[in-house]
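To start, the structure itself, in structure tokens.
The values are calculated or read from the model by the stated rules, or taken from the named source; none is laboratory data. All figures in this text were calculated on a predicted structure; none of them were measured in a lab. Neighbour counts run over all protein chains shown; Cβ positions are idealised from the backbone, glycine included. Ligands, DNA and RNA are stripped out before the accessible areas are found, and what is left, the full protein with its side chains, is counted by its heavy atoms. Shrake-Rupley method; radii C 1.70, N 1.55, O 1.52, S 1.80 Å.
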Amino acid sequence: MMQTDIIPVDSSNPDPSIIGSAVAVLRGGGLVAFPTETVYGLGADAFNVEAVKKVFLAKGRPADNPLIIHIALLEMLGSITERVPPIASRLAEAFWPGPLTLVLYALPGVPGIVTANLQTAAVRFPNHPVALAMIKEFGRGIVAPSANLSGRPSPTTAKHVKDDLNGKIDMILDAGPSLIGVESTVLDITVDPPVILREGGLVREQIEGVIGRVATTEEHEILRRSPGTRYRHYAPKARVILIPSGNKEEFLDRIKKSETQGKIVGSIVHSVALQTKKRQIRLSGDPTLYAKEFFSALRAMDEQGVEVLLVEGVAEEGIGAAVMERLRKAAGD
Ligand code: TXA
Ligand code: MG
């Protein structure tokens, strides 16, 4: 493959001919990166094993990390799971389309390469007009991991996708920056109580408002069942050090120490005021805006050649929980 083209598409009114050409690529077993409300996804026909293989290859993704199947009509669940449990219906009613992925028992017809040979499949109904138009037109489920190289921060713009996957995929649909900026919340409803395997765009409190208490992975010691949680995700090239919110002294200590070691230091802050503005990105203290911008900030720091990256954490509430989960992973904790 040569260059991968970025094709602009109007999010409020996706051009049917552009959607049609993306669907043609998918039907031919190709790969299309497309916008969702969380992050950009790398789409392929979920029921075409050869196409799904290409997804793993393009991303350099370990084969034991399963993929999310994206749907655009509830009927599409019929080819993925045998019986939609009542709890899934309630969650779908409340939150779909939206940033919630449900882990359900999978039908044998779902390819093992998608589920990493687990008995379960992850399903998501994204809330983005371009994604919905494409999946509807395609007519069945589309696998879509985040469209980054495995281990890199998730892409929130078409340019991020191109930076990682140029020449390895067929097409990139560009509808502008992702609205939410962190991935969907992954909720396993095959266990009781259901467990959040990955914090994300839909906050825990909202889920609990509909189905009652949900557990955390630590409670369940369920790591074996959620292969993705094992990998060091979301990592920029720099070594990331997470600093508690407001702790200016630690910032200054760390900067001094790293500079003494001859390292190029960068920082991402929201409340702390540092003297130098060099290699510094200031994000909003509003957790929603912080979430939207911070993957992009990680990538920008890499582009500036930062070797040690100091990141100011956020409060663990609401979407802040998703941000902190990702920051801890980026820091390799
Ligand atoms: O917001 C999102 O979910 C984005 C956009 C593109 O939709 N997609 C995304 O996919 O984040 P990915 O592949 O980067 O992350 C999928 C996560 C991984 O942590 C994976 O281990 C988990 O979902 N997962 C997938 N299938 C699973 C299953 N059957 N059981 C448990 N975890 C599963
Ligand atoms: Mg990912």
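Given GLU218, GLU199, GLU208, which one is in contact with a Ser or Thr (Cβ under 8 Å, 6 or more places away or on another chain) and of a type in the set (D, E, K, R)?
On the way: GLU218 fails: in contact with a Ser or Thr (Cβ under 8 Å, 6 or more places away or on another chain); GLU208 fails: in contact with a Ser or Thr (Cβ under 8 Å, 6 or more places away or on another chain).
From the options GLU218, GLU199, GLU208, the qualifying one is GLU199.
Residues being within 8 Å of ligand 1 (Cβ to nearest atom), open to solvent by less than 10 Å² (accessible area, probe 1.4 Å) and closer than 11 Å to LEU67 by Cα are entirely absent from the stretch 127-142. Could you tell me whether the stretch 309-323 includes any residue that is in a loop (DSSP other than H, G, I, E, B), among the β-branched types (Val, Ile, Thr) and open to solvent by 30 Å² or more (accessible area, probe 1.4 Å)? The answer is no, given that none of the residues of the stretch 309-323 is in a loop (DSSP other than H, G, I, E, B), among the β-branched types (Val, Ile, Thr) and open to solvent by 30 Å² or more (accessible area, probe 1.4 Å).
Considering each residue of the stretch 46-67 in turn, at least one proves to be crowded, with 24+ Cβ neighbours inside 10 Å, under 22 Å from SER21 (Cα atoms) and away from ligand 2 (no atom under 16 Å from the Cβ). Of all residues in the stretch 151-167, those that are under 21 Å from ALA331 (Cα atoms) and surrounded by fewer than 22 Cβ atoms within 10 Å (Cβ to Cβ) total 1.
Condition check for ALA144 on (1) over 27 Å from VAL214 (Cα atoms); (2) within 15 Å of ligand 2 (Cβ to nearest atom): one failure, at (1).
Residues of the stretch 262-279 that are part of a loop (DSSP other than H, G, I, E, B) and within 17 Å of PRO244 (Cα to Cα): HIS270, SER271, VAL272, ALA273, LEU274.
Can you name every residue in the stretch 197-210 that is open to solvent by less than 30 Å² (accessible area, probe 1.4 Å) and away from ligand 2 (no atom under 16 Å from the Cβ)? The answer is LEU202, VAL203, ILE207.
Would you please name the residue that is farthest from GLY141 (Cα to Cα), looking only at residues in the stretch 72-98 that are among the small types (Gly, Ala, Ser) and touching a residue at least 24 places away in the same chain (Cβ under 8 Å)?
ALA94
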